[in-house]
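In what follows, a single structure is set out as structure tokens and then discussed.
Read-outs: derived from the displayed coordinates by stated rules, not from any lab. For clarity, every value in this text was computed on a predicted model and none was experimentally measured. Positions of Cβ are backbone-derived with ideal geometry, glycine not excepted, and every protein chain shown enters the neighbour counts.
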Amino acid sequence: MTQLNLGRRQFSFGLGAAALAGFPAVHAQGEGSIVLGQSAALTGASGQLGVQFNAGARLAFAQVNAQGGVGRRQIEIRALDDGYEPDRCAENTRRLIADDVFALFGYIGTPTSLAAQPLFTQARVPFFAPFTGAMALRRPFNRLIFHVRASYDDETELIVRQLTNLGMNRIGVFHQDDSYGQAGLDGVTKALAARKLAPVATGTVERNSAKVGEAVARLVAARPEAIVQIGTYASCAAFVRAARKAGYGGNFYNVSFVGTQALADALGAEGAGVVVSQVVPSPYQQSRQITREFHEAIKKNGGVQANYSSMEGYLAARVLIEGLRNAQAQGGKLTRESLIAGLESINGQVGGFQVGFSASNHAGSRFVEMSMLTGDGRVRT
């Protein structure tokens, strides 16, 4: 298993997940470090999602640790590679819980997070900022789960609204053949049904695969005006290229989980005009406070590419730090219960970004905006 470790004075990051140090046994609720556990894709076809999210989170933790930590305790993150496979994620989660991590943080993906859910629920370990917008992790309400990002329903509603406002009613869906893809398909179908429409065709791809030929043939034959893609960057890039080669001239829309920069890198010039919905502010335009602080952290620590995935990791870590500080301010020993209470007391801005939780609502944000790939590796909003 691959492991990333953030020490007290050490901050280094290499793209990919390799050559990573061992991790000391620390009881999360003692007086030592506050240890967070993360299971994420760090290698494989979706590896850049976990690598970049983790890099952004490490920036925020390095910042607070340099200032003395929270209550004079350092924050450390232990990340184990699951390759975006549910079984490996479940194994990692068992290991992290057995090691008594204080909380679970930044899991990458719907099928993996769902595999972990019964484990952390039984162990009563908080599960913070999963990199997924699936409604299955939001309903029914689970007081251990906190979301910093908007849901896929929020993203697909905005996508469908934009398409139909432009007069495009023939919409197809290319989706991953698992719980993530189904969550996105459900969101598109719900948004279309509200407008008395339905997908004109659908096509699927297996998780961690780029075999898209059958899906391309099915969708191109239906002649949709736009295709909404619910996948990761490798399969979505393969689909765009193959569909264009097959003569498709319509529009491509993606939800945020695709991995925007990785998709732009994979498509190159062929990415021009491809649209991606986003659940965090642009990491490129420094008009927002949180983005300026993100870039300041990169300048100070280095080694991190500014993109949407690393930005989300940074923002998620910042919100968690705020919750830890609130919990610490309550006095007494820092516990998982006090963390939950500390997070539920957040209702305002973190770095200028609006986040709000309560005892009955752990969906911290419904922020969604659209972005477009320019074909030269850049993304504009």
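So, in the range 331-348, exactly how many residues are in contact with a helix residue (DSSP H, G or I) (Cβ under 8 Å, 6 or more places away or on another chain) and either under 20 Å from residue 312 (Cβ atoms) or exposed (fewer than 12 other Cβ atoms within 10 Å of the Cβ) (or both)?
Number satisfying all stated conditions: 3.
Would you mind stating whether residue 306 is out of contact with any strand residue (DSSP E or B) (no Cβ under 8 Å at 6 or more places or on another chain), surrounded by fewer than 23 Cβ atoms within 10 Å (Cβ to Cβ), hydrophobic (A, V, I, L, M, F, W, C) and within 22 Å of residue 367 (Cα to Cα)?
Criteria met by residue 306.
I'm trying to understand the selection: among the residues of the range 298-356, which are within 30 Å of residue 264 (Cα to Cα) and among the hydroxyl-bearing types (Ser, Thr, Tyr)?
308, 309, 310, 314 - these are the residues of the range 298-356 that are within 30 Å of residue 264 (Cα to Cα) and among the hydroxyl-bearing types (Ser, Thr, Tyr).
Any chance the range 309-329 includes a residue that's touching a helix residue (DSSP H, G or I) at 6+ places or on another chain (Cβ under 7 Å), of a type in the set (Phe, Trp, Tyr), in a helix (DSSP H, G or I) and farther than 16 Å from residue 365 by Cα?
no
Looking only at the range 260-308, count how many residues are of a type in the set (Ser, Thr, Tyr) and in contact with a Gly (Cβ under 6 Å, 6 or more places away or on another chain).
Looking only at that region, the number is 0.
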